[in-house]
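For reference, the structure discussed in these notes is given below.
Bear in mind that the values in this text are calculations on the coordinates, not laboratory data. Remember, it's a predicted structure, so these values are computed and weren't measured experimentally. Every residue, glycine among them, receives a Cβ derived from its backbone with ideal geometry; neighbour counts consider all protein chains shown.
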Amino acid sequence: MTVTLVPPPAPAPQPPAVAAPLDVLGVPGQVNLDYAATAPCARAAADAVAELLPWYASVHRGAGALSRRCTLAYERARQTVGDFLGARADDHVVFTRNTTDALNLLARALPAGTTVVTFGGEHHANLLPWPRGSVRLPVPEDPAGAVRALDAALGELRRPDARGGSGPARPGAGQGPPVLVAVTAASNVTGERWPVAELALVARRHGARIAVDAAQLAPHAPVDVAALDVDYLVLSGHKLYAPFGAGVLVGRADWLDAAPPYLAGGGATSHVGAATHDVRWATGPTRHEAGTPNLLGAVALAAVCAALADADRAALHDAEQALLTRLREGIAALPHVLELRMFGPAAPRVGIVSFVVAGRDSAEVAAELAATYGIGVRDGLFCAHPLARRLLDEAAARSGRRDLPPTALRASIGLGSTAGHVDRLLVALAALA
Ligand SMILES: Cc1ncc(COP(=O)(O)O)c(C=O)c1O
């Protein structure tokens, strides 16, 4: 019998994969589980930068067509980012370098005598810029405890005989000297969410303002200044799928317009005379944006904001939560790996998990994960030393183990993370037993 070999049909031509705006760039074979430090760049940001590069020219400083286009792009970026964050019509949207820069700017803009109230669970960026006399509340046991603790602390600060609390009303204070509550929306150590809207209500009731560090929440969930009724909000572009170098401070204009400019220099003035100190500073966001601004950073950040605004964020959230559950359940099944947590296992959280491998140095584990498995995680105390140390102590007490290392590991996920990435980490951690 002869057999005629029939060549298999040629595969039907596949349409080229269409790059979606929220696809993230990366390197094949490398599993990036360090989004909380810096997220990969989204296609939308890369495309926006590539489109603008040929037009590269001065911003706010030139009459040529290129300059005018760049100025327009920069101001459009401001509008887009402000809209994405729910800025009110009279809020300022100030471009900064990152969250740290934005919080330092706000710290410099506080009216004299402002008391800042924070919790000890904050990133250093929201602990260190604040003036002497700031109040640091202990990390509460749960979100409701945070609300109660803030209520009590503000009640104490507003007592007529406390810190000049009976003094005359000042702009923004409502009653007595100004008070600013500064709180993160999601912990960079545990991913757990803080009850921002409830804390804002309490702040309002006591005539205090509230600033929200949304560096870790904004990449995972919508944040809206007006809906949350908060006064200021800050974030970093590089954690929100845009390249490094652009962040934002959104919020009330009055303190910002009354404060000395964050940087003195060109672009922040409305008049400079011949005498040394004959200068009138601009009002509006440019007051705090002296020097040539980071056009590409602002445009890239705005492109991601626009892409996220168009996306089905509930679906993105569900997908991320499914991966997070897979990761946390996988870790819980490994007896030698312990998760760090602040409010409890069931508290709402974003895609961040910190943990320790008992008996193993965290830096060594991170190096081994990179070298052997191509997995990138973070190790250390995550620029939140007071919180990380406390959670390490609690993990030791909870587990009764005496072989926990003094620093931790952190895995964080987002757009572009897959079940395969999570499983690779879990397999690697299991092999470390
Ligand atoms: C919650 C939080 N706030 C502030 C920062 C500081 O951000 P940046 O380094 O971009 O200024 C970080 C960075 O990890 C963070 O996680």
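Counting charges near residue 125 (Lys, Arg +1; Asp, Glu -1) among other residues having Cβ under 15 Å from its Cβ returns a value of +1.
With 10 angstrom as the radius, rank 270, 412, 362, 134 by how many other C-beta atoms surround their C-beta, starting from the fewest.
So the ranking, lowest neighbour count to highest, is 270, 134, 362, 412.
Per residue, the chain reaches -11000 deg cm²/dmol at 222 nm when only DSSP H runs of four or more residues are counted, each adding -39500 (n - 2.57). When the alpha-carbon atoms of region 55-94 are used, the pair Rg, Dmax equals 11.9, 33 angstrom.
Compute, for the chain, the length of the dipole vector about the Cα centre, with Cβ point charges of +1 (Lys, Arg) and -1 (Asp, Glu) only. Units Debye, rounded to 20. Could the numbers behind the result be given before it?
Details: 38 positive and 39 negative charges, 157 e Å.
Dipole about the Cα centre, nearest 20: 760 debye.
An ellipsoid equivalent to region 254-325, defined through the eigenvalues of its Cα gyration tensor, has semi-axes of 42, 13, 10 Å when rounded to whole angstrom and sorted largest first.
Distance distribution P(r), region 291-433, all Cα-Cα pairs, bin width 10 angstrom from 0: 10, 36, 30, 17, 6, 0 percent.
The residues neighbouring residue 96, those whose beta-carbon lies less than 15 Å from its own, together hold a net charge of +1 under the Lys/Arg +1, Asp/Glu -1 convention. By the count of neighbouring beta-carbon atoms within 10 Å, fewest first, 339, 122 end up ordered 339, 122.
According to the Cα-based calculation, Rg over Rh for region 86-139 is 1.00, with Rh computed by the Kirkwood formula. Dipole orientation for the chain: of the candidates 226, 345, 333, 226 has the Cα lying most toward the positive pole (charges on Cβ; Lys, Arg +1; Asp, Glu -1).
Looking at region 147-278 alone, DSSP beta bridges between its own residues are antiparallel in about 45 percent of cases. Overall shape of region 52-201 was characterised from the C-alpha gyration tensor. The equivalent ellipsoid obtained from it has semi-axes of 36, 19, 14 Å, in decreasing order. Each pair of Cα atoms in region 363-428 enters the Kirkwood radius, and Stokes-Einstein at 25 °C and 0.890 mPa s then converts it into a translational diffusion coefficient of 185 µm²/s.
Ranked for footprinting exposure by Cβ neighbours inside 10 Å, fewest first, 128, 334, 327 give 128, 334, 327. Close amide H pairs (under 5 Å, H built 1.01 Å from N) link residue 179 with 115, 209, residues at least 5 positions away or on another chain. Working ranking of peptides 36-43, 311-318, 414-421, 97-104 by packing, defined as the average number of other Cβ atoms within 10 Å per residue, highest first, is 97-104, 36-43, 414-421, 311-318.
Using the Cα centre of region 274-433 as the reference point, and only Cβ charges (+1 on K/R, -1 on D/E), how large is the resulting charge dipole? Debye, rounded to the nearest 20.
Dipole about the Cα centre, nearest 20: 360 debye.
Assuming 0.692 mPa s and 37 °C, estimate D for the chain with Stokes-Einstein, Rh taken as the Kirkwood radius over Cα pairs, in µm²/s.
Details: Rh = 23.4 Å.
After rounding, the answer is 140 µm²/s.
Summing +1 for each Lys or Arg and -1 for each Asp or Glu among the other residues whose beta-carbon sits under 12 angstrom from that of residue 206 gives +3. DSSP finds beta bridges in the chain, and of those with both partners inside it, around 60 percent are antiparallel. Can you bin region 302-353 into rounded, prolate or oblate? Criterion: square roots of the alpha carbon gyration tensor eigenvalues sorted a ≥ b ≥ c, rounded for a/c under 1.5, prolate for a/b above b/c, oblate for the rest. Prolate.
Evaluated with a Cβ-only charge set (Lys, Arg +1; Asp, Glu -1), region 9-146 carries a dipole of roughly 600 debye about its Cα centre, given to the nearest 20. With 0.36 nm allotted per residue and the present C-alpha distance subtracted, the residue 50-residue 63 stretch has 2.4 nm of extension available.
Does region 113-264 come out rounded, prolate or oblate by the C-alpha gyration tensor, with a ≥ b ≥ c the root eigenvalues, rounded set by a/c under 1.5 and, if not, prolate when a/b is larger than b/c and oblate if not? Spell out each step's value before the answer.
On the way: a/c = 1.85, a/b = 1.29, b/c = 1.44.
The shape class here is oblate.
Per 0.36 nm of contour for each residue apart, how much would the distance between residue 313 and residue 325 grow if the chain were fully extended, relative to their Cα-Cα spacing?
Details: separation 12, 0.36 × 12 = 4.32 nm, distance 1.80 nm.
Difference between extended and current length: 2.5 nm.
Please say if region 179-319 is rounded, prolate or oblate, where rounded means a/c under 1.5 for a ≥ b ≥ c the square roots of the C-alpha gyration tensor eigenvalues, and otherwise the choice is prolate for a/b larger than b/c and oblate otherwise?
Details: a/c = 2.79, a/b = 1.48, b/c = 1.88.
In terms of gyration-tensor shape, oblate.
Remark on residue 247: its backbone amide H falls under 5 Å from those of 96, 97, 98, 237, a criterion applied only to residues 5 or more positions apart or on other chains, H modelled at 1.01 Å from N.
For the pair residue 418 and residue 38, label points projected 7 Å from Cα toward Cβ lie 2.4 nm apart. Across every pair of non-identical alpha carbons in region 322-392, the mean reciprocal distance, once inverted, gives a Kirkwood radius of 13.2 Å.
Relative to one another, the C-alpha centroids of region 190-207 and region 386-414 are positioned 26 Å apart. Beyond 19 Å, how much of the Cα-Cα pair distribution for region 200-252 remains, as a whole percent? The answer is 29 percent, as a whole percent.
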